[in-house]
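Chemist: Please read through the structure below; I'll follow up with questions.
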Amino acid sequence: MRSEKAGGLYLAAGFILAGSATTAGKGLVATLGPFTITAAGLAFALPALAPFALKGPRPSRRELGLTALLGFFGIFVYRICLISALSLVNAGEAGLMTGAAPAFTAIASWLFLRERPSPLPVLGVIAASAGIFLVRFGALGGAVDAASGFTSSGRSLGLLLALGAAASESVFAILSRLAWRKDADANSRRRAALTAAWAFAFSLGPAAAERPLGALAALPLLAWIALAWYGLFVTAASYICWYEGIRRVEASRAAAYTGIVPVVALALPALLLGERPSATSVAGCFLVALGIVATALPRNPQSVQPQTH
């Protein structure tokens with residue numbers, strides 16, 4: 001029980017940091033390509049994470065293969081899909097599609113991990129998913145802006161890319177939980193470091209193809225601060241919290257915590273920029289909070305199967 005509570009706190013902290021990515025990266029999409037943003041953010045994260053990767057014995061082939069998959073789906077594919085989507089559709093539209101991640105994760109955890117949550121966590125995931133949709137719907141003002149300048153074909157591609165981001169997030173959650181099942185004693189910081197290193201390796205070549213040196217040289221100080229935040233907190237600290245949380249909480253239950261991301265993305269502009277969220281968005285935040293509380297409530301001890309490590 002104490003372990004699950006700690007896992008919930010880690011997940012909440014990780015997704016609060018992840019939710020700040022929208023505010024931190026505001027304006028970067030207009031000047032930098034998606035691969036460059038990903039690689040530059042990871043370049044700030046790696047020096048902070050490197051000591052954890054170098055500590056201890058050399059990683060085994062199994063650990064390298066596993067963290068390569070985690071880095072590919074959890075950072076590389078997710079961020080490329082989401083950043084690319086933001087150049088084709090409104091942020092609210094992209095958020096509506098990524099809001100499918102909790103449902104994807106809950107279904108996949110039942111199919112592949114044989115996690116059978118009790119009715120209350122299932123209702124929690126449903127409430128959190130509904131809250132995400134309301135938050136994003138409220139951010140859109142209840143309707144899609146037809147005069148946004150996006151083409152019909154571009155919007156369709158953007159929505160598919162956002163849905164791909166949701167799917168990659170679900171794959172990452174399932175792989176993470178499976179990894180902890182097989183190696184419950186693994187170090188979260190070391191795993192986060194190797195995951196980030198693989199993601200950087202995947203993004204470095206495509207980033208170079210975007211020829212970003214001129215754009216990077218012209219970035220103002222605030223943009224560099226945003227990239228540093230993106231790397232040190234949205235990546236390094238957030239993924240350490242994620243690994244500490246997913247080792248203690250089932251993937252199906254952890255799915256509800258993803259609802260924190262759009263809530264933070266809505267709250268930060270309200271706090272820092274004076275933007276006023278709509279009543280629909282506020283109602284969505286309430287549903288997300290309700291869903292997380294329902295998911296985090298203790299299960300019936302008789303329904304918990306003992307784990308063998």
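Chemist: Taking the range 52-69 on its own, how many of its residues are in contact (Cβ under 8 Å) with a residue 24 or more places away in the chain and either surrounded by fewer than 24 Cβ atoms within 10 Å (Cβ to Cβ) or in a loop (DSSP other than H, G, I, E, B) (or both)?
Modeler: Counting residues in the range 52-69 that are in contact (Cβ under 8 Å) with a residue 24 or more places away in the chain and either surrounded by fewer than 24 Cβ atoms within 10 Å (Cβ to Cβ) or in a loop (DSSP other than H, G, I, E, B) (or both) gives 10.
Chemist: Please list, ordered by first then second residue, the pairs with beta carbon atoms under 8 Å, 6 or more apart or interchain, first in the range 1-21 and touching a residue at least 12 places away in the same chain (Cβ under 8 Å), second open to solvent by 60 Å² or more (accessible area, probe 1.4 Å) and in a helix (DSSP H, G or I).
Modeler: L17/F233; S20/W229; S20/F233
Chemist: List, please: which pairs have Cβ atoms under 8 Å, are six or more places apart or on different chains, and start with a residue in the range 196-225 that is over 15 Å from P34 (Cβ atoms) and touching a residue at least 24 places away in the same chain (Cβ under 8 Å) and end with one that is assigned to a helix (DSSP H, G or I) and among the aromatic types (F, W, Y)?
Modeler: Listed by first residue and then by second, the contacts come to A196/Y239; W198/F72; W198/F76.
Chemist: Is there a residue in the range 203-214 that is part of a helix (DSSP H, G or I), out of contact with any Phe, Trp or Tyr (no Cβ under 9 Å at 6 or more places or on another chain) and modelled with pLDDT of 75 or more?
Modeler: yes
Chemist: If you don't mind, another one. Any chance you could count how many residues in the range 273-309 are modelled with pLDDT under 65, assigned to a helix (DSSP H, G or I) and out of contact with any helix residue (DSSP H, G or I) (no Cβ under 6 Å at 6 or more places or on another chain)?
Modeler: Residues in the range 273-309 being modelled with pLDDT under 65, assigned to a helix (DSSP H, G or I) and out of contact with any helix residue (DSSP H, G or I) (no Cβ under 6 Å at 6 or more places or on another chain): 3 in total.
Chemist: So L219 fits all but one of (1) assigned to a helix (DSSP H, G or I); (2) farther than 17 Å from L9 by Cβ; (3) at pLDDT 85 or above; what number is the exception?
Modeler: The number of the failed condition is (1).
Chemist: Which one of the conditions (1) modelled with pLDDT of 90 or more; (2) in contact with a Leu (Cβ under 6 Å, 6 or more places away or on another chain); (3) open to solvent by 40 Å² or more (accessible area, probe 1.4 Å); (4) of a type outside the set (S, T, N, Q) does F72 fail to meet, given that it meets all the rest?
Modeler: Going through (1) modelled with pLDDT of 90 or more; (2) in contact with a Leu (Cβ under 6 Å, 6 or more places away or on another chain); (3) open to solvent by 40 Å² or more (accessible area, probe 1.4 Å); (4) of a type outside the set (S, T, N, Q) one by one, F72 breaks only (2).
Chemist: All but one of (1) closer than 30 Å to S109 by Cβ; (2) over 21 Å from the mean Cα position of the chain (by Cα); (3) part of a helix (DSSP H, G or I) hold for A184, so report the exception by its number.
Modeler: Here A184 clears every test but (3).
Chemist: Out of all the residues in the range 222-246, which are at pLDDT 90 or above and open to solvent by 40 Å² or more (accessible area, probe 1.4 Å)?
Modeler: W224, I225, W229, L232, F233
Chemist: Taking the range 1-27, which residues are at pLDDT 80 or above and of a type in the set (A, V, I, L, M, F, W, C)?
Modeler: A6, L9, L11, A12, A13, F15, I16, L17, A18 - these are the residues of the range 1-27 that are at pLDDT 80 or above and of a type in the set (A, V, I, L, M, F, W, C).
Chemist: From W229, W224, W242, W198, which residue is under 25 Å from L111 (Cα atoms) and either in contact with a helix residue (DSSP H, G or I) (Cβ under 7 Å, 6 or more places away or on another chain) or of a type outside the set (S, T, N, Q) (or both)?
Modeler: W242 is the lone residue from the list that is under 25 Å from L111 (Cα atoms) and either in contact with a helix residue (DSSP H, G or I) (Cβ under 7 Å, 6 or more places away or on another chain) or of a type outside the set (S, T, N, Q) (or both).
Chemist: So, in the range 161-202, of the ones that are under 20 Å from F52 (Cβ atoms) and either among the polar types (S, T, N, Q) or touching a strand residue (DSSP E or B) at 6+ places or on another chain (Cβ under 6 Å) (or both), which residue ends up most open to solvent (accessible area, probe 1.4 Å)?
Modeler: Going through the qualifying residues, I end up with N187.
Chemist: So, one more: Could you grab the pairs with beta carbons closer than 7 Å, sequence gap of 6+ or different chains, first residue in the range 267-296 and acidic (D, E), second one at pLDDT below 75 and open to solvent by 40 Å² or more (accessible area, probe 1.4 Å)?
Modeler: none
The values are calculated or read from the model by the stated rules, or taken from the named source; none is laboratory data. Remember, predicted model here, so these are calculated numbers, not experimental data. Neighbour counts run over all protein chains shown; Cβ positions are idealised from the backbone, glycine included. Heavy atoms of the whole protein, side chains included, go into the accessibility calculation; ligands, DNA and RNA do not. Shrake-Rupley method; radii C 1.70, N 1.55, O 1.52, S 1.80 Å.
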